[in-house]
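Colleague: Handing you a structure now.
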Amino acid sequence: MLTKEQIKESLEGVLVPAVKRSIVGLNMVREVAISDKRVRVTLASTGLIVGAQDWIKNKAKEAIETLPEVNEVEVIFTDAKPIELNKVEHIIAVMSGKGGVGKSLIASLTAVSLKRKSYDVGILDADITGPSIPKMFGIDTRPGGSESGILPVLSRSGIEMISINLLLPSEDDAVIWRGPLIGKAITQFWEEVLWGKLDYLIVDLPPGTADAPLTVMQSLPISGVIIVFTPQDLTAMIVRKAVRMAQKMDKPILGVVENMAYLYVPEIDERIELFGRSRGEEMARAACAPFLGQLPLDPELAKLCDEGNVERYQAEILDNLSESLAKQVPVTRI
């Protein structure tokens with residue numbers, strides 16, 4: 001006997017051209033009706049131009065017609081807002097008290113680490129005035145979409161992504177906006193982008209504790225926060241402010257990461273702490289959260305980021321990140 005589950009499984013292979021992700025993964029299958037070997041499927045038209053709708057309609061019909069006990073297939077489209085389709089289980093914000101500590105790098109590596117564990121992952125680049133996520137992933141493709149919604153861009157390993165830099169005429173253009181406009185852009189990235197079904201959405205916050213981080217904390221259902229810092233005394237003091245902000249907003253701190261912790265010199269087999277002694281355990285105690293690990297000053301990592309190949313980086317901290325997050329904010333797949 002033909003079931004709705006069988007039909008949805010057959011539609012897993014129907015990809016949205018601009019995203020290269022299935023209509024099932026983007027949660028665009030709204031209704032499946034079966035009657036006397038006749039199947040009627042209702043899909044959301046969100047973010048699709050007319051040509052894409054026609055292509056998806058034909059592919060969906062072809063996929064369903066291969067199933068036994070199917071004599072007739074009808075595929076129709078209905079309107080829906082992206083926010084109605086998005087099913088994101090956990091949103092993790094990556095923040096710091098100041099700029100220049102590698103927050104965007106840790107956000108990128110967090111997404112990479114979770115993707116390697118076969119989770120469905122996205123990155124929302126909320127650092128509107130200093131977006132660097134696309135550069136690290138080697139992405140310069142403009143997001144697709146229509147008046148009904150924006151389609152994210154997919155990285156090489158399959159991480160969904162949206163960033164203001166992907167919408168600018170040139171990646172060198174400056175975003176000279178006041179706080180309310182920045183806050184509105186962040187909200188639009190959450191409400192008007194078709195993320196679909198995701199296990200984790202990583203949000204790269206701008207530095208500090210002002211308008212933009214506040215917008216994210218208040219507007220998005222944050223599951224937890226990762227705090228990034230470097231060993232200097234000044235940075236440690238300022239990062240404590242970010243910790244206090246997260247605590248006051250009742251957002252759990254999932255862990256702290258120490259970036260630029262040391263420089264390893266293989267010729268003498270020695271670690272040199274260029275910015276002072278490690279403060280990882282100290283910051284973890286201050287945040288009442290796990291110490292997720294250290295990231296060194298690594299020329300190989302810098303090279304990969306410059307080349308747009310951050311997804312190729314290998315390090316022990318990536319396993320620590322994914323394992324700790326999966327334990328603290330586990331995914332429940334039904």
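We did not get these values from a lab; they are worked out from the coordinates using the rules stated. These numbers were taken from a predicted model, which means no experiment stands behind them. Heads up, the Cβs are rebuilt from the backbone with ideal geometry, glycines too, and the neighbour counts pull from every protein chain shown.
Colleague: Mind jotting down the distance between the C-alpha centroids of the range 84-117 and the range 18-56, whole Å?
Modeller: Cα centroid to Cα centroid, the span is 29 Å.
Colleague: Which pairs break 22 Å Cα to Cα here: Lys87/Lys117; Lys197/Lys327; Lys20/Lys197; Lys81/Lys327; Lys115/Lys241; Lys98/Lys248?
Modeller: Pairs exceeding the cut-off: Lys81/Lys327; Lys115/Lys241.
Colleague: Here is a follow-up. Got the relative contact order for the chain handy, in percent, Cα pairs under 8 Å and 6 or more residues apart? Working shown, then result.
Modeller: Numbers: 679 pairs, mean separation 63.8, N = 334.
Computed over the chain, the figure is 19 percent.
Colleague: Could the peptides 86-92, 43-49 be put in order, highest first, of the mean number of other beta-carbon atoms found within 10 Å of their residues?
Modeller: 43-49, 86-92
Colleague: Would you mind classifying the range 84-328 by shape? Square roots of the alpha carbon gyration tensor eigenvalues, ordered a ≥ b ≥ c; an a/c under 1.5 is rounded, otherwise it is prolate if a/b is larger than b/c and oblate if not.
Modeller: The shape class here is prolate.
Colleague: Fewest to most neighbouring Cβ within 10 Å: what's the order for Cys288, Cys305?
Modeller: Least crowded to most crowded, the residues run Cys288, Cys305.
Colleague: Highest mean first, how do 248-255, 194-201, 62-69 rank when packing is the count of other Cβ atoms within 10 Å averaged over residues? Don't jump to the answer; show the numbers that get you there.
Modeller: On the way: 248-255: 16.9, 194-201: 24.4, 62-69: 13.8.
Final packing ranking: 194-201, 248-255, 62-69.
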